[in-house]
Amino acid sequence: AYERRFPTCPLIPMFVASDTVNEYKSEDEAIHVIERRCKLDIDAPRLLKKIAGVDYVYFVQKNSLNRRERTLHIEAYNETFSNRVIINEHCSYTVHPDNEDWTCFEQSASLDIKSFFGFESTVEKIAMKQYTSNIKKGKEIIEYYLKQLEEEGITFVPRWTPPVACKSESSTSHPRRPVSPAINIPESATKEGLSSKEILNTSSSPSEPTAGTPDDKLDADYIKRYLGDLTPMQESCLIRLRQWLQETHKGKIPKDEHILRFLRARDFNIDKAREILCQSLTWRKQHQVDYILDTWNPPQVLQDYYAGGWHHHDKDGRPLYVLRLGQMDTKGLVRALGEEALLRYVLSINEEGLRRCEENTKVFGRPISSWTCLVDLEGLNMRHLWRPGVKALLRIIEVVEANYPETLGRLLILRAPRVFPVLWTLVSPFIDDNTRKKFLIYAGNDYQGPGGLLDYIDKEIIPDFLGGECMCEVPEGGLVPKSLYRTAEELENEDIKLWTETIYQSASVFKGAPHEVLIQIVDASSVITWDFDVCKGDIVFNIFHSKRGPQPPKKDSLGAHSITSPGGNNVQLIDKVWQLGRDYSMVESPLICKEGESVQGSHVTRWPGFYILQWKFHSMPACATTNLPRVDDVLASLQVSSHKCKVMYYTEVIGSEDFRGSMTSLESSHSGFSQLSAATTSSSQSHSSSMISR
């Protein structure tokens with residue numbers, strides 16, 4: 001019945017066509033694997049399709065039928081935009097372990113959006129809508145084809161039996177098996193199982209209502225395979241924190257393994273774990289850490305003189321990172337690069353560590369969520385205690401501890417010299433107690449004796465510089481040439497450049513001092529897009545249009561036009577003598593945004609000229625009858641210290657040539673893919689349209 005939906009299915013309108021790209025059948029006909037390339041017409045706004053440059057998306061689906069085990073497993077993943085969006089889906093039909101007349105169905109999927117032209121939130125809503133729709137129609141479709149078979153007189157399919165020559169057991173015996181057994185097919189016909197970002201698990205069986213749902217229980221096999229041993233309390237904490245993130249966090253949701261690290265770092269105290277996790281997610285978004293491996297290339301100085309690198313794995317399967325700190329010229333690296341480049345390089349190492357943990361989890365078939373670090377201190381001297389170098393080290397430790405908790409499984413410190421206790425005294429207070437317990441320190445050649453390196457690392461991979469036989473490709477370090485040193489001014493400018501590479505900008509909003517951004521539009525019918533997070537306080541978001549450009553802010557002014565604060569800039573562009581309706585006009589209804597909200601939207605411009613995006617402090621309205629503030633308003637206002645708000649924003653203009661003719665699609669997209677707010681103005685004069693989603 002399932003095979004009848006190919007090559008296309010009238011009950012799934014978006015399923016346009018499919019082609020078979022690979023097929024495998026075992027000699028005894030027990031195994032049949034078909035791989036197809038499916039063409040889908042996704043229900044998305046025409047503007048989004050135009051920007052993406054596609055009308056259809058393609059998925060690869062592999063169906064594995066195992067007649068011996070009586071299972072059908074279906075795997076699907078996206079081929080289109082696979083470098084930006086990763087979608088994996090797995091479905092299985094199996095025989096119920098207690099009643100072989102019953103068929104069990106299970107379905108799970110994962111969605112990981114890395115980047116999508118600034119429309120990440122929109123793509124997420126589209127994917128969730130399509131997935132939910134497919135779940136609801138799944139049973140209806142299979143019943144449709146079952147009924148079709150019955151009408152053709154097919155009501156029974158003989159059970160598979162092995163050929164007589166190799167028949168080794170009674171075909172009527174049915175050994176007990178798990179609800180979702182593994183597919184027992186040749187290695188050449190298998191594909192590595194997906195590692196779910198979030199498990200959206202639905203199961204159905206005629207026996208009784210499902211006892212466990214994704215809201216209250218995780219699949220036992222999934223826990224064992226990817227998360228490790230969890231008590232019922234720990235499992236509950238993970239589900240509750242993940243559910244809270246799904247309901248409130250509008251950005252990229254971390255994988256279960258990463259959420260679990262923050263819970264473990266706070267002994268499964270949900271409130272404490274949630275606080276540090278949210279701070280880390282904001283930090284990752286602000287500095288684009290998710291893309292650091294793909295977008296940032298380390299300077300050549302680091303590649304030549306940073307004496308560290310990945311080297312196989314330890315006996316527990318953890319990725320092994322080797323750092324020859326004693327051979328590294330920390331002073332030279334700081335003088336040549338500055339703190340920020342060193343910090344970013346360490347962040348890239350940690351991101352690579354997370355990736356290797358995922359790979360090793362697949363390779364070893366058990367959860368591996370941390371790595372081992374081997375630090376060789378041979379050569380450590382007072383040069384390494386240079387104050388700016390120690391300062392940089394302390395800052396790196398602080399950032400790593402806050403954003404990569406429970407990623408260090410073990411730290412092996414070898415050949416510690418006499419100067420080491422001085423360094424340890426300086427850095428140990430900044431290291432978490434749980435992390436310090438994972439440190440093993442060996443002086444001299446003690447690491448070669450009982451309880452030494454061989455207890456943790458296989459003999460075959462001990463690096464050559466530690467007396468082993470394995471060639472280690474970690475750079476040897478050495479002194480950085482002074483010709484590569486930079487002046488203090490150059491380093492300061494470079495540091496600013498590195499951390500402002502994020503596409504997001506920070507701004508402070510004060511009572512009576514909004515933050516404003518000027519956008520000049522040359523061609524009518526362009527699209528202004530925005531994405532901002534309200535990090536602190538409540539604000540009102542406005543969009544204005546003016547035919548003449550405002551005067552640039554005076555940099556020497558102390559407060560009338562421009563304010564610089566540690567939390568971000570504040571720029572005011574609308575002159576106090578300007579009058580609304582005469583000098584400038586409002587082109588969108590004001591939008592009140594609460595603290596913690598993430599807002600994305602766009603505005604189709606009708607006229608050329610100057611558009612001003614404004615974030616303004618939101619004052620609590622007074623009670624209408626008494627002109628006195630309400631109790632709730634007073635309490636809420638106390639949350640905003642010093643009448644200050646903070647936003648992190650990104651804006652972009654899409655030219656009219658990129659979507660000419662798609663105005664109708666923009667205006668009709670409110671019902672096309674998500675529940676959007678009604679903050680839209682459209683008239684015969686302006687024909688402007690905006691979409692704002694929270």
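Okay, residues lined up against (1) β-branched (Val, Ile, Thr); (2) modelled with pLDDT of 90 or more; (3) not assigned by the TED database to the domain that holds residue 303:
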residue: 338; (1), (2), (3): no, no, no
residue: 343; (1), (2), (3): no, no, no
residue: 347; (1), (2), (3): no, yes, no
residue: 353; (1), (2), (3): no, yes, no
residue: 358; (1), (2), (3): no, yes, no
residue: 365; (1), (2), (3): no, no, no
residue: 370; (1), (2), (3): no, yes, no
residue: 375; (1), (2), (3): yes, yes, no
Residue among 8, 71 that alone is open to solvent by 20 Å² or more (accessible area, probe 1.4 Å) and at pLDDT 85 or above:
8
(1) modelled with pLDDT under 85; (2) over 30 Å from residue 279 (Cβ atoms); (3) surrounded by 15 or more Cβ atoms within 10 Å (Cβ to Cβ); (4) in contact with a helix residue (DSSP H, G or I) (Cβ under 9 Å, 6 or more places away or on another chain) all hold for residue 446 apart from (4)
Taking the range 522-537 as the region of interest, how many residues are open to solvent by 10 Å² or more (accessible area, probe 1.4 Å) and β-branched (Val, Ile, Thr)?
2
Name the pairs: first residue in the range 16-39 and among the aromatic types (Phe, Trp, Tyr), second residue not in a strand (DSSP E or B), Cβ to Cβ under 7 Å, at least 6 apart or on different chains?
24/189
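Which residue, of 285, 252, 272, is assigned to a helix (DSSP H, G or I) and in contact with a strand residue (DSSP E or B) (Cβ under 8 Å, 6 or more places away or on another chain)? Walk me through how you get there before you give the answer.
On the way: 252 fails: assigned to a helix (DSSP H, G or I); 272 fails: in contact with a strand residue (DSSP E or B) (Cβ under 8 Å, 6 or more places away or on another chain).
Result: 285 is the single residue among 285, 252, 272 that is assigned to a helix (DSSP H, G or I) and in contact with a strand residue (DSSP E or B) (Cβ under 8 Å, 6 or more places away or on another chain).
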Looking only at the range 567-607, count every residue that is modelled with pLDDT of 85 or more, open to solvent by 40 Å² or more (accessible area, probe 1.4 Å) and not hydroxyl-bearing (Ser, Thr, Tyr) and tell me the total.
13
Return the residues of the range 70-116 that are without any contact (Cβ under 8 Å) to a residue 60 or more places away in the chain and among the aromatic types (Phe, Trp, Tyr); say none if nothing qualifies.
81
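Taking the range 318-329 on its own, how many of its residues are in a helix (DSSP H, G or I) and either among the basic types (Lys, Arg) or open to solvent by 30 Å² or more (accessible area, probe 1.4 Å) (or both)?
Of the residues in that region, 2 qualify.
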Sort out which residues of the range 415-431 are charged (D, E, K, R) and assigned to a loop (DSSP other than H, G, I, E, B), and write them in order of number.
418
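Given the structure, is residue 242 surrounded by 18 or more Cβ atoms within 10 Å (Cβ to Cβ), charged (D, E, K, R) and at pLDDT 90 or above? Walk me through how you get there before you give the answer.
Details: surrounded by 18 or more Cβ atoms within 10 Å (Cβ to Cβ): yes; charged (D, E, K, R): yes; at pLDDT 90 or above: no.
So residue 242 does not fit the description; no.
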Of all residues being modelled with pLDDT of 90 or more and of a type in the set (A, V, I, L, M, F, W, C) in the range 245-264, which is surrounded by the most Cβ atoms within 10 Å (Cβ to Cβ)? Just the residue, please.
260
Output the residues belonging to the range 432-451 that are within 23 Å of residue 407 (Cβ to Cβ), part of a loop (DSSP other than H, G, I, E, B) and free of Cβ contacts under 8 Å to residues at least 60 places away in the same chain.
437, 438
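Let me confirm something: among 78, 63, 83, which residue is open to solvent by 20 Å² or more (accessible area, probe 1.4 Å) and among the polar types (S, T, N, Q)?
Working: 78 fails: open to solvent by 20 Å² or more (accessible area, probe 1.4 Å); 63 fails: open to solvent by 20 Å² or more (accessible area, probe 1.4 Å).
On inspection, the qualifying residue turns out to be 83.
Rundown of residues vs (1) aliphatic (A, V, I, L, M); (2) in a helix (DSSP H, G or I); (3) in contact with a Pro (Cβ under 7 Å, 6 or more places away or on another chain); (4) open to solvent by 40 Å² or more (accessible area, probe 1.4 Å), yes/no style:
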residue: 341; (1), (2), (3), (4): yes, yes, yes, no
residue: 372; (1), (2), (3), (4): no, no, no, no
residue: 378; (1), (2), (3), (4): no, no, no, yes
residue: 392; (1), (2), (3), (4): yes, yes, no, no
residue: 412; (1), (2), (3), (4): yes, no, no, no
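The values are calculated or read from the model by the stated rules, or taken from the named source; none is laboratory data. If you're wondering where the values come from, they're calculated on a predicted model, not measured in any experiment. A quick note on method: Cβ atoms are made from the backbone with ideal geometry, for glycine too, and the neighbour counts reach across all protein chains shown. Only protein heavy atoms, including side chains, enter the accessible area calculation; ligands, DNA and RNA are left aside. Shrake-Rupley method; radii C 1.70, N 1.55, O 1.52, S 1.80 Å.
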